Every structure is written in C-alpha cells, then in structure tokens.
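The values are calculated or read from the model by the stated rules, or taken from the named source; none is laboratory data. Nothing here was measured: the structure is a model prediction, and the numbers come from that model. Cβ: placed from backbone, ideal geometry, glycine included. Neighbour counts: every protein chain shown. Side chains are part of the model used for accessible areas, which takes the heavy atoms of the whole protein and leaves out ligands, DNA and RNA. Shrake-Rupley method; radii C 1.70, N 1.55, O 1.52, S 1.80 Å.
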Amino acid sequence: AAHGSIYVPEGSVVRGVKGGKEVTLKPGETFYEGPADLHTVGRNASTTKPAKFVVFLVKKQGVDAVLPPN
C-alpha cells in the first residue's frame, strides 16, 4: 500500500511488476511501483559486478511498508 520510486546510483538492476515487462535500470535511472502493483522481479543485472539502489516509499502512516500478496 505504498508508492515506491527506485533509483540506481551504481551498477544495473532488473525490476518488474506483475503484468509488465522486466526493465533493466542503469545508473541515474528510476522505476516507479504504485500501490496496486505486485512486485515480481528485483535483482542485480550482473553476476560479477555489484549494484546499488535506493528505494523511496510514500505510504499511509501505520501501514506496513511490505504487504503479503493477496
């Protein structure tokens, strides 16, 4: 039940939500996940190079940041 914005400062990260295509994010790129999106993919795009990402969540106060799928 949150709006999530993912920012990649280093490396490459693969992200995806149910019903959408997997997206490979490179340094400086962002990805948005809405409250109705079901997060399905989140991994480092490389098997040899590290990656970092920062997640910003905007959510209702008192609601868990991560909820189990229905």
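Taking the condition of being of a type in the set (K, R) and open to solvent by less than 50 Å² (accessible area, probe 1.4 Å), how many residues in segment 14-25 meet it? Don't jump to the end; show me each part of the working.
Within segment 14-25, the subset of a type in the set (K, R) is 15, 18, 21.
So of that shortlist, the ones also open to solvent by less than 50 Å² (accessible area, probe 1.4 Å) come out as 15.
Going through segment 14-25 one residue at a time, the tally reaches 1.
What do you reckon, is G42 at pLDDT 95 or above and surrounded by 14 or more Cβ atoms within 10 Å (Cβ to Cβ)? No; evaluated as a whole, the condition is false for this residue.
Taking the conditions (1) polar (S, T, N, Q); (2) without any contact (Cβ under 8 Å) to a residue 24 or more places away in the chain; (3) assigned to a loop (DSSP other than H, G, I, E, B) in turn, S46 satisfies each one other than (2).
Confirm whether V63 is within 9 Å of the chain's Cα centre (by Cα) and β-branched (V, I, T). Give the steps one after another, and end with the answer.
Details: within 9 Å of the chain's Cα centre (by Cα): no; β-branched (V, I, T): yes.
Answer is no for this residue.
Among the conditions (1) surrounded by 16 or more Cβ atoms within 10 Å (Cβ to Cβ); (2) of a type outside the set (S, T, N, Q); (3) in contact with a His (Cβ under 6 Å, 6 or more places away or on another chain), V58 misses just one, which is (1).
Checked against the criterion of being crowded, with 16+ Cβ neighbours inside 10 Å and modelled with pLDDT of 90 or more, the candidates G28, G11 yield just one match: G11.
Scanning segment 1-21 for residues that are assigned to a strand (DSSP E or B) and either more than 10 Å from Y32 (Cα to Cα) or not β-branched (V, I, T) (or both) returns A2, H3, G4, S5, Y7, V8, P9, E10, V13, V14, R15, G16.
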